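None of the figures in this text is laboratory data; all of them are computed from the coordinates on show. None of these values were measured; they are calculated from a predicted model. Quick reminder, even Gly has a Cβ in these numbers, built from the backbone with ideal geometry, and neighbours come from all protein chains shown.
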Amino acid sequence: MNIVLKLFNQNKKTNQLLLLYSIYCLSLLLVRAKLTNSIYLFFLIWNLFLAVIPYVISSHLLTLDLKKVSKLKVLGISAIWLAFIPNAFYIITDLVHLAKSDGHIFWFDLIIVSSHALIGFAFGLMSLHHFEKIAQQFIPVKKVNFFIPTISILCGIGIYIGRILRYNSWDIISNPIDLAFDLFQIIISIKSILFSIHFGVFIYFSFLIKKNLT
């Protein structure tokens, strides 16, 4: 509990806003369930939870004196973060589910999915910013300039793996052979490469805008 409070208070004002917005998103789902007697779109709760994980990981690393932490441990935690960071941006692809929304509730569904996508994206961008700070402690400044673009493209690949190939982050451990085979297919597919690059560029420019506004 103390760790949770420490992480929350690390950037209290921002975290309070994120918490309030997350509660707002969940309240929208509850209102929809009451209006329609359906829990359709409740999968957004799980997707939002997955989006929070990389933010929590990067926030935790920022609380540590990394000079006193073994590089192996930092690399291990960073690898876990890298496996989950695409989930933060993945939620934007949930807009595809609006095709199944009934006409009379379409606009409400648009607000619901867009709200979850926005907060998920916010968690992702802030987590990227955290890791940029972390990387600056280990990597020369010139190389850090290539760090975020690279991670952004990897996130684009991760989104393709999740939305199109339907893999999850934990398939890295539970289903590595099939995942590795399909990753090879991505490399030789123009469509998958373009998908990944476009999403990666979108994430990177969103990061730059966010960074220059703060």
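Looking at residue 101, is it touching a residue at least 12 places away in the same chain (Cβ under 8 Å) and hydroxyl-bearing (Ser, Thr, Tyr)? When the stated conditions are applied, residue 101 does not pass them. If you go through the range 156-181 and keep only what is of a type in the set (D, E, K, R) and in contact with a helix residue (DSSP H, G or I) (Cβ under 7 Å, 6 or more places away or on another chain), you end up with 163, 171.
Does residue 108 satisfy being under 22 Å from residue 201 (Cα atoms) and either in contact (Cβ under 8 Å) with a residue 40 or more places away in the chain or crowded, with 21+ Cβ neighbours inside 10 Å (or both)? No, not satisfied. Residue 42 falls short on exactly one of the conditions (1) within 25 Å of residue 167 (Cβ to Cβ); (2) under 16 Å from the mean Cα position of the chain (by Cα), and that condition is (2). Counting the residues of the range 39-87 that are assigned to a helix (DSSP H, G or I) and either in contact (Cβ under 8 Å) with a residue 60 or more places away in the chain or surrounded by fewer than 14 Cβ atoms within 10 Å (Cβ to Cβ) (or both) gives 33. Of the residues that make up the range 20-28, is at least one assigned to a helix (DSSP H, G or I), of a type in the set (A, V, I, L, M, F, W, C), free of Cβ contacts under 8 Å to residues at least 40 places away in the same chain and within 20 Å of residue 85 (Cα to Cα)? Scanning the range 20-28 turns up no residue that is assigned to a helix (DSSP H, G or I), of a type in the set (A, V, I, L, M, F, W, C), free of Cβ contacts under 8 Å to residues at least 40 places away in the same chain and within 20 Å of residue 85 (Cα to Cα).
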